Amino acid sequence: MAVSPPLHMLEHELRGVFGSRLQSLVAYGQRAAAPKAPIRTMALVESLTEQDLRGCAARVASWHGAGLATPLLVPAAEFPRSLDAFPLEFDTILADHVIVSGHPPFEAAKVDIVDVRRACEGQARGHLLHLREGFVEAGGNSHALAVLIVESAAPLGALLAALARLDRGATVPLERSTDPASAARHAERKLSLPPGTITEVVKLAGVHEISAAEAERIFPTYLAAIQKLVDYVDAWT
């Protein structure tokens, strides 16, 4: 990804806040980003104070206006200690980033596959709990069930990408080309599910609605598939 004028502007303004304490600025996740999505960035700094946060807060409206997401501000010494806490999020950054300014910040960074498994299980169990709770709250209303399914499609895609990362192993970074449909097909093979069982749900991301009849058809196999996914991740070695 080329360094765009908004990124140069962000680097200049962060330099105005942090001065020489700004060690690196990277943009990340743009290969998998939706068209016109805000540009995501991470700034690694020597230190981070309340005054620094106030300085950034005064500029954030202009950053958003330029098409930038609010940057992640991370003390450089804190980043390697955070890899085990946010393995999926930081693995994505490690795999798909462009240096805007400063030195390469991730040369020694590596996400442990054990942390990936734990995070993947947390996502899977959370997704299953959400589906169960949402079904109960729908109270038998098929239109509410349809909303639940559509709104769960994007989180499901992220979960399945995490599963694909887990199965690739610790030596292979998160693939830049992984798309939700590919990750869903991978999960169907691993879980011995009929083709389309969860690919159909993933493809609903961004869809405004489905019919009540579709919701009633999709939900039972969808719920069973996520239960099977939880069991798979729980037993993964």
Please work out the FRET efficiency for the pair V114 and K36, using the Cβ-Cβ distance as r and a Förster radius of 45 Å; give the result to the nearest 0.05. 0.75
Residue list for the range 108-122, given a label point 7 angstrom along the Cα-to-Cβ vector of W236 and an amide N cut-off under 18 Å: 110-122
Helix-derived mean residue ellipticity, 222 nm - over the chain, DSSP H n ≥ 4, -39500 (n - 2.57), to 500: -18000 deg cm²/dmol
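Would you please give the FRET efficiency between E133 and T221, computed as 1/(1 + (r/R0)^6) with r the Cβ-Cβ distance and R0 = 25 Å, to the nearest 0.05?
Plugging the Cβ-Cβ distance into 1/(1 + (r/R0)^6) gives 0.85.
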Under 28 Å Cα to Cα from K228, which lysines show up? Leave out anything in the same chain fewer than 8 places away. K190, K203
Can you tell me how much longer the chain between A212 and S62 gets when fully stretched, taken as 0.36 nm per residue apart minus their C-alpha distance, in nm with one decimal? 49.7 nm
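So what's Rg/Rh here for the chain, counting alpha carbon atoms and using the Kirkwood radius for Rh?
Numbers: Rg = 20.1 Å, Rh = 19.6 Å.
Here the Rg-to-Rh quotient is 1.03.
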How about the range 42-133: which GluC sites (Glu not before Pro) there are in a DSSP loop, with at most 14 other Cβ atoms within 10 Å of their Cβ? E46, E78, E107
At what distance in nm do the modelled label points of V147 and A181 sit from each other, each positioned 7 Å from its Cα along Cα→Cβ? 2.9
Using the membrane-span-like helix rule (whole DSSP H runs, Cα extent along the own axis of at least 27 Å, mean Kyte-Doolittle hydropathy at least 1.0), which helices of the chain qualify? 142-168
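Each value in this text was obtained by applying a stated rule to the coordinates, not by laboratory testing. In this text, all values refer to a predicted model and were calculated from it rather than measured experimentally. Methodologically, a virtual Cβ is constructed for each residue, glycine included, from the backbone with ideal geometry; neighbour enumeration extends over all protein chains shown.
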